[in-house]
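The numbers here are math on the coordinates, done by the rules we state, and not lab data. All values reported here derive from a predicted model rather than from experimental measurement. Please note: Cβ atoms are built from the backbone with ideal geometry, for glycine as well, and neighbour counts cover all protein chains shown.
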Amino acid sequence: MKVVSVHADRNDKRTVRFGIPKMMRTITVLLSLLLILSIWTERPSLGAVPKLDTVRVGIFLEVPGKYKLNTTSTTFSSAAAIQVGLRQPAGVSPIFQTKAAETIRFTLDDYKPIVVENANFQTALAVLKRLKALGGTGILTSLYQSSGLVYQVIEGAYATAAEARTAADRWSKDSAIAGLIGGNSKLDLKGPLHLEAGTFTSKADAIIGAQSFGAVGVDAFPALKQTGAAASTYTVLVGAATDAASLENVKALATKGANGISLRPLDASSVYMALRDDYTIAESAQNPLTLYTVPMSGAKISLSTTASTGIKLVERYNRSYRGQFEVSGFNNKLAIINELPFEQYLYAVVGAEMPSSWSAEALKAQAVAARTYAIYQGFGFQIAHVVDTTLSQAYGGIGSEKPSTIAAVDATSGEVAMYNGKVIESVFSSSAGGATADAKEIWGSDVAYLKTVSSPDESSEKGLNRWYRVVLPNGDVGYVREDLVEDSGQKTAIGQALLRIKGDGVKVRPIPLVQDDVPAVGQANKGTLVVMLEKVSQSNEMSWIRGPYTPEALLALTAGKLNKPISGPIRTLEASQIGPSGRPTELLANGVKLAVKTPDSFRAAFGGLPSTRFDIDETARMTIAGTDGLVQERPASSSVLVVVGGDGQAKELAGNNIFIMNGEGKLRAATKNPTFRFVGNGNGHGVGLSQYGARGLAELGYDYKYILQYYYKDIKIVKD
């Protein structure tokens, strides 16, 4: 499901939220317009309709300030041969072809620490595993030296020698690595500066040439080289220096092993791929893969196949993809782009964004929204139109395609949504939580076709357990699943139902959801009576709860996520302004406005809230009427709380939990000390199409054009 970016609200009054009854009334009124809408949206004449024949999807890419998803290396395979070529303005020039089902790997010829160089494979493998345990990204390769074959572990992908040196210092300080490499205090670096030695007719001859330099102590690698449109040739890259002075030292030493082979600096304009044996994936000295090292800039390597199952990319969840791949250096990082026919790209997007089992009309609406969104982006990521995450729209390759998603794309082929003759920014999210957001209340800018409408998103709750919010005998408050309790038939003195725990060791959770990594509030055994406060749905895309958070925990969540940090512990947190859909557009912490770029930032500021639509339960906020007309506002006042019991005796209130009943007889769980809960609806930013809402409308009988025009105000659906 796509979740583009969003936030939520706190004092979201039920009177301003749109419920299903109103939604049903709206749909009933609009039903009479359905035939008219179907006619005027058929094929309006708006002149040229934008289209895209092929799309470039960033799988791994770095665009400073906008997107960052990096990998040190990439591993490709295909059931059929992979054709590897050089992409040039005139087309792709072939370089070589793999065997069927052969696996090949690529990395960038940048700066890397050499963590270990050892003739013992197991020692090198142990270093590789340790790097992985420490969060590093090692590559285990080999090369020939005077003593024979040695194994080398290089790490990371660094744009400068200084960055690589910092990483090297970190690895050398690890006691386990130090023990494996013999306690060397300073690790060597490899860099992208090379000498070129001769031309060879075969890979085997180039390997022999590289070994002659290794015999005199110089690292050397066979390489494929291609300039312009000429056919590729084999050469040897000598040295892997980090600066010009180091390269001169390499040249002086390499001359001794040249054996008549001419040495010259590698032409900066040449395109090359150094070849090395790679043991990283198999972790075995037998049957290594081939690692191709590509320049930091200037080379675009193309990979294509005839296999219907596409090309598999291990580092991206072992997904397989249609079309071809482009491997290059971009912004000093390894860039992996998947280029394929645009409509085939949509097959996978619809399948990744929406369950394939949903109604055909909902899937069609998603197809048109996804097509429109991608076209609107243009080259939004410099060398790619879109990326494969929800920052653009989810794209999972061939595995995300299903017959129903393919049918939805084919049925709407070429159709896009337009407003005033221009393609719209057709943003969408998983669930609007009952009402979509106005673009202005989320991102601060008014968009004529992105206005708030009620949305039937409740289907996400179908089949889910209900949970009771209960009070344990010790006064702690939490949630227990409905199948773990039963009605005891008893009530408290003030009329609250008492539930009986059905088994031993039943966990009471902080929110209505099983979270194995979050401690339970407590446990209760069979027969324990607990007080019921309310019954809610299990947290889902429509409704959810997060917290409770202490002031310290809440402050920690906001660290580095606000334009200006909150001063001091958070005592109060409230919505001071509410948008048209009931979402908070301004929050006050301790009475001071939170500094955020747009209200959309609230979600991230508080630890990744599911949506932009929420209420904040300030558990310590209360007004207490005392004697002599005195009124105490908490938590502004932190004075001692005293209660008078049935015996007329005044006692200081023990414990942190307080239970307050209002004039309507509703019991509220409060606390003496501030804690905060977020109680919300929806999943995502909530602007534009709601995916669960589209499902709801489709199940009510509306077609995809109506659904799109419902969520995008006054748009037209057009086709070239």
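When each full DSSP H helix of the chain is screened for a Cα extent of at least 24 Å along its own axis and an average Kyte-Doolittle hydropathy of at least -0.5, the helices passing are 360-377. Computed over the chain, the per-residue total of -39500 (n - 2.57) for DSSP H runs of n ≥ 4 gives a 222 nm mean residue ellipticity of -6000 deg cm²/dmol, rounded to 500. Our note on the geometry: Cα centres of the range 300-370 and the range 122-156, 33 Å apart. Taking 0.36 nm per residue of separation and subtracting the current Cα-Cα distance, fully stretching the chain between Gln382 and Ala79 would add 105.9 nm. Normalising the average separation of contacting C-alpha pairs (under 8 angstrom, six or more residues apart) by the number of residues puts the relative contact order of the chain at 18 percent. Label sites at Gln97 and Lys564, each approximated as a point 7 angstrom past Cα along Cα to Cβ, lie 6.6 nm apart.
Legend: P(r) of the chain from all alpha carbon pair distances, 10 Å bins from 0, whole percents, reading 3, 12, 18, 18, 17, 15, 10, 5, 2, 0, 0. When each of the peptides 103-115, 129-141 is scored by how many other beta carbons lie within 10 Å of its residues on average, the order from highest to lowest is 103-115, 129-141. Computed from the C-beta positions of Asp647 and Arg466 and an R0 of 45 Å, the FRET efficiency is 0.70 to the nearest 0.05. A straight Cα-to-Cα reach below 27 Å connects Lys402 with the lysines Lys2, Lys51, Lys312, Lys364, Lys462, Lys705, Lys719, residues fewer than 8 places away in its own chain not being considered. Sequence-distant contacts, meaning Cα pairs under 8 Å at least 6 residues apart, place the relative contact order of the range 465-537 at 40 percent. The DSSP beta bridges internal to the chain are antiparallel in roughly 95% of cases. Peptides 431-439, 175-183, 572-580 ordered by packing proxy, namely the average of other Cβ atoms within 10 Å per residue, highest first: 431-439, 572-580, 175-183.
Label-to-label distance for Ser270 and Ala625 is 9.1 nm, based on points extended 7 Å past Cα in the beta-carbon direction.
Pairs exceeding 23 Å between alpha-carbon atoms, taken from Lys422/Lys713; Lys112/Lys333; Lys526/Lys651: Lys526/Lys651. Scanning residues 5 or more positions from Thr675 or on other chains, those with amide H under 5 Å from its amide H are Thr619, Ala620, with H placed 1.01 Å from N in the peptide plane. Counting only residues at least eight positions apart within a chain, or on another chain, the lysines with an alpha carbon under 25 Å from that of Lys593 are Lys13, Lys440, Lys561, Lys564, Lys672.
So which aspartates and glutamates can Lys507 reach, going by Cα to Cα under 14 Å and dropping same-chain residues fewer than 8 places off? Straight-line reach from Lys507, under 14 Å: Asp476, Glu482, Asp483, Asp516, Asp517. The length gained by stretching the chain between Thr306 and Ala162 to full extension, at 0.36 nm per residue less their Cα-Cα distance, is 47.5 nm.
Centre-to-centre, using Cα atoms only, the range 434-467 and the range 623-689 are separated by 30 Å. What is the spin-label model distance, in nm, from Asp483 to Thr54 if the labels are put 7 Å beyond Cα along the C-beta direction? So the two model labels end up 5.2 nm from each other.
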